[in-house]
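Report on the structure given below.
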Amino acid sequence: MEVKISDSVMFLSTTKVMWDTLKVMHGNEKNPSRISEIYERLFELKQGNKSVPNFYGELKGLIDELEMHQPAVTDVATLRGYHQDLTMSKFLSNLSPFL
């Protein structure tokens, strides 16, 4: 856990309270802008100077995080929602700031 995150929960009374607090602060539900960021990072990710294990670890971390936000489903309506969220997020994040 990153220090800046652990600092915000280190004095809570139990582990459950800590994890519940973290879920509220960094919730996995309906966060289209974060999902869009994950996709961008996935599409831009290259091995570069990283070792194969480090490259794979970074790739796996992004895929695991995406799975938290968008669990695998077979429901067509949910899949359409995922697609609409990504489309809208991509559209809004790439609008000209001069409009």
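Would you indicate which of (i) 71, 33, 16; (ii) 37, 27, 22; (iii) 45, 39, 38 is the value of Cα extents along the principal axes in Å derived from the coordinates of this structure?
Of the labelled values, this structure produces (iii).
Simple spin-label model, 7 Å along Cα-to-Cβ: residue 17 to residue 41 in nm?
Label-label distance for residue 17 and residue 41, simple model: 3.0 nm.
Give the angle, between 0 and 90 degrees and rounded to the nearest 10, that separates the Cα long axis of helix 76-93 from the longest principal axis of the Cα atoms of the chain.
80 degrees
Please determine, in degrees from 0 to 90 and to the nearest 10, the orientation of helix 52-69 with respect to the longest principal axis defined by the Cα atoms of the chain, where the helix direction is its Cα long axis.
Value to nearest ten degrees: 90.
Quick one: how many lysine pairs in the chain have C-alpha atoms under 22 angstrom apart, if they're 8 or more apart or on different chains?
Eligible lysine pairs with Cα atoms under 22 Å apart amount to 8.
Between residue 78 and residue 58, with labels modelled 7 Å along Cα→Cβ, what's the label distance in nm to one decimal, could you check?
3.1 nm
If one takes the longest principal axis of the Cα atoms in the chain, at what angle in degrees, from 0 to 90 and to the nearest 10, does the Cα axis of helix 15-25 lie?
30 degrees
Given the -39500 (n - 2.57) contribution per DSSP H run of 4+ residues, what per-residue ellipticity at 222 nm results for the chain, rounded to the nearest 500 deg cm²/dmol?
My calculation for the chain gives -20500 deg cm²/dmol from helical runs alone.
Taking Rh as the Kirkwood radius, which is the inverse of the mean 1/r over Cα pairs, what is the Rg/Rh value for segment 33-90?
Radius of gyration over Kirkwood radius for segment 33-90 works out to 1.05.
Bear in mind that the values in this text are calculations on the coordinates, not laboratory data. Since this is a predicted model, take the numbers as computed values, not measurements. When we count neighbours, we look across all protein chains shown, and the Cβ atoms used for this are built from the backbone with ideal geometry, even at glycine.
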